[in-house]
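To start, the structure under review is shown below, and the notes come after it.
The values are calculated or read from the model by the stated rules, or taken from the named source; none is laboratory data. Owing to the predicted nature of the structure, the values given are computational and were not obtained by experimental measurement. Glycine also receives a Cβ, built like all others from the backbone with ideal geometry; neighbour counts cover every protein chain displayed.
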Amino acid sequence: MEKETMIRLEGIKKRFKTKAGELEVLHGVSADIKKGEVFGIIGLSGAGKSTLVRCINLLERPTGGKVWLDGVELTALNDKNLREQRRHMGMIFQQFHLLMQKTALENVCFPLMISGVPKAQAKERAKELLELVGLADRMESYPAQLSGGQKQRVAIARALATEPKVLLCDEATSALDPNTTAGVLKLLKDINERLGITIVVITHEMSVIQEICDRVAIIDGGLIAEEGTVEEIFRNPKTKIGQELVLHEGTNREAYTGRLPYCYRLVFKGGSENEPVLGQMMIETKGVANILAANTRTIDEQAYGQMVLQFPEEKELRNTMIKYLTDRGVVVEEVEYV
Amino acid sequence: MFKEGMLELVGTGFVETLYMTLASTIFAYIIGLPLGLLLVVTDKDGIKPVPWLNAVLGTIINIVRSIPFLILLVALMPFTKAVVGTVIGAKATIVGLLVAAAPFVARMVESSLKEVEKGVIEAAQSMGASPFQIMTKVLLPEAKPSLLVGGAIAITTILGYSAMAGFVGGGGLGAIAINYGYYRGQQDIMYMMVILLVVIVQVFQELGMKISKRTDRRL
Ligand SMILES: Nc1ncnc2c1ncn2[C@@H]1O[C@H](COP(=O)(O)OP(=O)(O)OP(=O)(O)O)[C@@H](O)[C@H]1O
Ligand SMILES: [Mg+2]
């Protein structure tokens, strides 16, 4: 079943005027984000991720292209109507951006008050939301009295106050430690599943994408390099940047990006328990492969192991080895040598 | 040491000084606060950029601020006369003080408001807040501690100006110091006024800082 579109980006361009001249950061980005999905946008620092997400709620006016939210073209609206539409989109930030002089409760009330909800009613709703994010006991605390994870939870509650259709998250977990990150991501996934809110996640960490996203777009140099389901991208990243991001964390990145000849990338289901296949292969084919990088990942509760190996120079032996692996269900693909 | 009636004179001076200072501070804020807000809002990075208005306001403020206070006071005399009917005494001084202090207050307010993190303003915008809502519900409340410190500085500065106004017929402690101390050579009276002024400045400064600290939720 084809899902309906929630956010539609069409040829988004953004050019900044700087002292050094004009700088085009986005060169025409198009994307279709479906209702109810968690859509990831990943890229290296400076790729234009924040700029792109800020173009979705028009905190940044695109210099070209169009943005639609649930069938309404935002780029065609006047200020007043745009403000109206923005209430359908919550946003959370890396640095939380809470009102420092207001309590958690008042922070969550804020978007309700500005949209004209009576105070008592706003308070009721804010309390419910703070309970939802697990902060029932910290309602009267000021942001300065809360930990990073708690602040982000307040920010999430605040973003959800106006019952938005979409939640935009710009590096929402980048300022948090791994444990706190896991908690916040779980909360976001929960919100997506229970409330059906479409979520757009901006990150530079593949682990975040794997944790909660359904589909992902890789942005590089102001363009979408590739796009697909998380599983597709993970199993078979087609672009160099995709390969780099997938195998990035804690691995030998240089080897991976193809500085060595005869390198192959292996992906096998089942994680590390399948690694004996490799040993078997080396014993049976008498070919030795050099492990350059290896890791295990979990996508949709399915473990995947992946490795980058350097194979021997003789073509025949190499082919025997590869055949041995592919026969046993391992995906093998050559890493382009440059 | 003092002649009879001296205590009464000083008492009146003290009350006059407080009256001039507080009244002109209030008036200066009535003008300066909106002006400061306008400066921040119409800035090129502000929530509603209006470059020409920003430039005009900035220029007027700079011009008024660059005129030495005593000269401004004298130059304003015709205006003062038209407004309060006289050019001497406490009431007349208030007019001069508020004209001199309003641009100064505007700049202080501007700098306080600019301390509010841009991200917080953006968060409010992302929720659909209008520029007016951002002014009243984000900028002013978030900058409150800094505005209070600014208020204390403004009061003490205006107090200093009010003492200076004694030279051109203003009332209060400054006038007593100048009339008795300077013109009649009664140094003890002059020193007493100086001490009194110092004490008042200290009290306002401390009070302002204390209130600001107490109400600041950033710990
Ligand atoms: N207001 C601005 N004026 C000028 N240049 C800008 C502005 N905002 C962003 N840029 C430039 O646009 C490029 C992309 O920035 P952006 O913040 O979108 O990157 P990012 O992918 O979010 O990076 P990070 O992971 O570091 O947050 C950068 O080169 C940045 O310097
Ligand atoms: Mg960014």
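Brief remarks on what is shown
- Note on region A:1-77: enclosed strands (runs of 3 or more DSSP E) holding 1 or more residues that are polar (S, T, N, Q) and in contact (Cβ under 8 Å) with a residue 60 or more places away in the chain are A:5-18, A:21-34.
- Looking only at region A:102-111, and only at residues there that are within 21 Å of B:Pro131 (Cα to Cα) and surrounded by fewer than 22 Cβ atoms within 10 Å (Cβ to Cβ), the one that is farthest from ligand 2 (Cβ to nearest atom): A:Glu106
- Residues in region A:134-143 that are more than 11 Å from chain B (Cβ to nearest Cβ) and touching a residue at least 40 places away in the same chain (Cβ under 8 Å): A:Gly134 alone.
- Selection of region A:206-223 for residues being more than 13 Å from ligand 1 (Cβ to nearest atom) and outside any helix (DSSP H, G or I) yields A:Cys213, A:Asp214, A:Arg215, A:Val216.
- Among all positions in region A:156-167, there is no residue which is out of contact with any strand residue (DSSP E or B) (no Cβ under 8 Å at 6 or more places or on another chain), within 16 Å of ligand 1 (Cβ to nearest atom), in the same structural domain as A:Ala122 (by TED's automatic domain parsing) and in a loop (DSSP other than H, G, I, E, B).
- Residues of region A:106-124 classified as in a helix (DSSP H, G or I) and more than 14 Å from chain B (Cβ to nearest Cβ), total: 4
- Test: residue in region B:82-99 that is within 14 Å of chain A (Cβ to nearest Cβ) and surrounded by 22 or more Cβ atoms within 10 Å (Cβ to Cβ): no
- Evaluation of B:Gly166 against (1) buried (at least 20 other Cβ atoms within 10 Å of the Cβ); (2) over 30 Å from B:Leu196 (Cα atoms) (one fails), failing number: (2)
- Cβ separations smaller than 7 Å between residues 6+ apart or across chains give the following pairs from region A:193-205 residues that are away from chain B (no Cβ under 14 Å) to residues that are polar (S, T, N, Q) and away from ligand 1 (no atom under 13 Å from the Cβ): A:Ile199/A:Asn192.
- Which listed residue, of A:Ser174, A:Ser147, is within 16 Å of ligand 1 (Cβ to nearest atom) and assigned by TED's automatic domain parsing to the domain that holds A:Lys34: A:Ser174
- Residue within region A:80-96 that is of a type in the set (Val, Ile, Thr), assigned by TED's automatic domain parsing to the domain that holds A:Val184 and either surrounded by fewer than 20 Cβ atoms within 10 Å (Cβ to Cβ) or touching a helix residue (DSSP H, G or I) at 6+ places or on another chain (Cβ under 7 Å) (or both) present: yes
- In region A:82-93, the condition of being under 23 Å from the mean Cα position of the chain (by Cα), within 14 Å of chain B (Cβ to nearest Cβ) and among the charged types (D, E, K, R) is met by at least one residue.
- Single residue of region A:19-69 satisfying the filter (within 12 Å of ligand 1 (Cβ to nearest atom) and acidic (Asp, Glu)) that is surrounded by the fewest Cβ atoms within 10 Å (Cβ to Cβ): A:Glu22
- For A:Met100, the conditions (1) of a type outside the set (Gly, Ala, Ser); (2) within 11 Å of chain B (Cβ to nearest Cβ); (3) farther than 19 Å from B:Leu140 by Cα; (4) not in a helix (DSSP H, G or I) are fulfilled apart from (3).
- When we screen A:Ile41, A:Ile114 for residues that are within 16 Å of ligand 2 (Cβ to nearest atom) and of a type in the set (Val, Ile, Thr), the only hit is A:Ile41.
- Top-ranked residue in region A:144-164 [being farther than 19 Å from A:Met113 by Cα and not small (Gly, Ala, Ser); ranked as nearest to the other protein chains (Cβ to nearest Cβ)]: A:Gln145
- For region B:100-124, the candidate set comprises residues that are of a type in the set (Gly, Ala, Ser) and more than 26 Å from A:Val53 (Cβ to Cβ); within that set, the residue that is nearest to the other protein chains (Cβ to nearest Cβ) is B:Ser112.
- Selection over region A:78-121 of residues that are basic (Lys, Arg) and in contact (Cβ under 8 Å) with a residue 24 or more places away in the chain gives a count of 3.
- Leading residue by the ranking (farthest from ligand 2 (Cβ to nearest atom)) among those in region A:151-182 that are within 23 Å of A:Met139 (Cβ to Cβ) and surrounded by fewer than 19 Cβ atoms within 10 Å (Cβ to Cβ): A:Glu163
- Highlighted here are the helices (runs of 4 or more DSSP H) found entirely within region B:76-189 that include at least 3 residues which are polar (S, T, N, Q): B:90-114, B:144-164.
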